Structure formats: structure tokens, C-alpha cells
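To start, the structure itself, in C-alpha cells.
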Amino acid sequence: MTPPVQSETLDCRLREDDPVRLGAMLLSTDMTFERDAARLIDPAQAALHVARIAFENPTTPNGCAP
């Protein structure tokens, strides 16, 4: 198993004075991640970039029946 990347050694900035850039790929149905991330990430410290993946939520009453 590959060990996780240590954040101290990973520099995601384009220029030295830029904030760190974080990226996330989210399902199109996820409506909470960006709001929660905005509460946790200081914009002076990091910029969040999000890409959405098309996803049609297949959850219906018929789909949940045994």
C-alpha cells in the first residue's frame, strides 16, 4: 500500500504568494460539500476548486422495495 502524501511536502501553489489550491471531484447530487468546506477552509490559506460528475440519483420507492 502506498503511504499517504504528506501535506508538508506537497506544494500546490502556482506562485509562492498564492494560497494552496485544493481540488475535489463531486457527484452532481452532492449539495453539502462546498458549503461545509467553506466553513472549514480559510480562503486566505487555500482555494477550493470543484468539478462535478453527472449522476442521476436512482433512489426511488420502487428501487428500494425488496
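Structure summary
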read-out	value
From phi via Karplus (6.51, -1.76, 1.60), per-residue ³J(HN,Hα) for segment 49-54 in Hz, x at Gly/Pro	10, 10, 10, 9, 10, 4
Under Karplus coefficients 6.51, -1.76 and 1.60, residue-wise ³J(HN,Hα) of segment 25-40 in Hz, glycine/proline x	10, 10, 5, 5, 8, 7, 9, 10, 4, 4, 5, 5, 5, 4, 6, 9
Full-extension gain in nm, D36 to H49, via 0.36 nm per residue minus C-alpha separation	3.3 nm
Computed accessible area, R21, all protein chains, 1.4 angstrom probe, square angstrom	80 Å²
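The values are calculated or read from the model by the stated rules, or taken from the named source; none is laboratory data. Bear in mind that the values here come from a model prediction, so they are computed numbers and not experimental data. The protein model used for the area step is the full one, side chains on, heavy atoms only, and it has no ligands, DNA or RNA in it. Shrake-Rupley method; radii C 1.70, N 1.55, O 1.52, S 1.80 Å.
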